[in-house]
1. Sticking with the crude label model, points 7 Å out along Cα→Cβ, report the distance from B:Asp273 to A:Phe45 in nm, one decimal please.
2. Taking every pair of alpha-carbon atoms in region B:204-333, give the share separated by more than 17 Å as a whole percent.
3. If the chain between B:Asp65 and B:Glu107 were fully stretched, how many nm would it gain, using 0.36 nm times the residue separation less the Cα-Cα distance?
4. Could you work out how much longer the chain between B:Asp260 and B:Asp304 gets when fully extended? Use 0.36 nm per residue separation minus the Cα distance between them, nm to one decimal.
5. What lysines could a cross-link reach from B:Lys295, if we take a straight Cα to Cα line under 29 Å and drop same-chain neighbours fewer than 8 places away?
6. How much length would be gained if the chain were fully extended between B:Ala7 and B:Ser212, taking 0.36 nm per residue of separation minus their Cα-Cα distance, in nm to one decimal?
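Please treat every number below as a calculation from the coordinates, not as lab data. These numbers come from a predicted model, not from an experiment. Quick reminder, even Gly has a Cβ in these numbers, built from the backbone with ideal geometry, and neighbours come from all protein chains shown.
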Amino acid sequence: MMTGNSTLVGDSRRQEGAHLFCQIVESLGLTQEAADCAAAFSIWFE
Amino acid sequence: MERTVKAKLASLFLAPVYIVLVSESDGRRLSLRVTPVMLQIGLVLAVGALIACVMALNVIGTHYDGAIASASKFDAWETTIQEQRTELDTLRRESYLDIESVLTWAESLQEGLASIESLGTRMFEETGIEADDFDIQRSRIGGIGGPVLQGADGDDAPPVAPGELESTVASLEGMRATLEVRERQLSVLRALVLGASSERIEDKLSGKPVKSGWISSSYGRRNDPITHAPAFHNGMDFGARHGSAIIATGVGVVTFAGRDRSYGNYVEISHGDGLKTLYAHAGNIHVVPGDVVEKGQVIGEVGDTGRSTGPHVHYEVIHDGKRLNPWRFVHSS
């Protein structure tokens, strides 16, 4: 996801990091906690 | 005294009686001799005449009463006939109104049919597909026609049985519903056919399979959430609330809707040109194979059926049998 914009790249990386972290939480079988994590890191979409 | 009267009365019927008539002006006399036989005959005739008069009066009285009763009966009949005539007029007017609504339905059907035929013709022209390959022209829905109906006031207004009319209206309603489905299907099929010739596969799909959620697992290598062993994940997982809507990401035809041990309840949609999408682990499924779905249409509900650790949708994009990374389609939205 190279956008050519450093700020967006930064946001994108932060999002990727949030996704990775929440996915690790879910991989532990903590589905509800993972959902809460997604909401906390604003990667939950509506 | 009593015996004397009786004796005198008895003598009337035993001896002749003389009736003397005297003229007051000149004193002339006229004697009439009445014999007992004549007296008896006269008495019998008088009694007979009296009885006849009484009987005649009785008969006349009976006929008079009958005439009065008949007149009132005629009045009642006339009232009944008038009421029935009014009721009949009302029924005819109502029937006519129903017939008008039926005709309106028929016009609506004809418009729908014309729209389908126009759409079909345009599709064939644009794609170069032979019309004979499709059954649209041949499978046209019913024939609509019939005589022109007279007004409610017309003497020759056709009699319409209310039950028959209701069944006709019900039949027309069913036909219109079918027509609407066919029209929608044809519109989607047109999009599919045109897409096959001009659209890139990236343009056929867009968006996420859930309205609300998060990407809980990406496409590619990962540790299996159940065995924790390294494995390749051939789709994307969208974590979402249990029971929330699963939506189609493009127009297409449902090619599978059922259960699998790993996928749980899942739906597969063909988007033409060898492109398919798959939505797994659903709680409930709202479509059946053969359904034509539009982009954004709800096809099921999020669940955790099959090989799943929690409520989510496992979303796959398959092109010519190969699992692609759905991200490029999701991202394009």
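1. Label at B:Asp273, label at A:Phe45, 2.1 nm between them.
2. On the way: 4343 of 8385 pairs.
Across region B:204-333, Cα pairs with separations above 17 Å total 52 percent.
3. Working: separation 42, 0.36 × 42 = 15.12 nm, distance 6.27 nm.
Between B:Asp65 and B:Glu107, full extension yields 8.8 nm more.
4. Working: separation 44, 0.36 × 44 = 15.84 nm, distance 1.25 nm.
Full-extension gain reported as 14.6 nm.
5. B:Lys204, B:Lys208, B:Lys211, B:Lys276, B:Lys322
6. Values: separation 205, 0.36 × 205 = 73.80 nm, distance 13.63 nm.
Difference between extended and current length: 60.2 nm.
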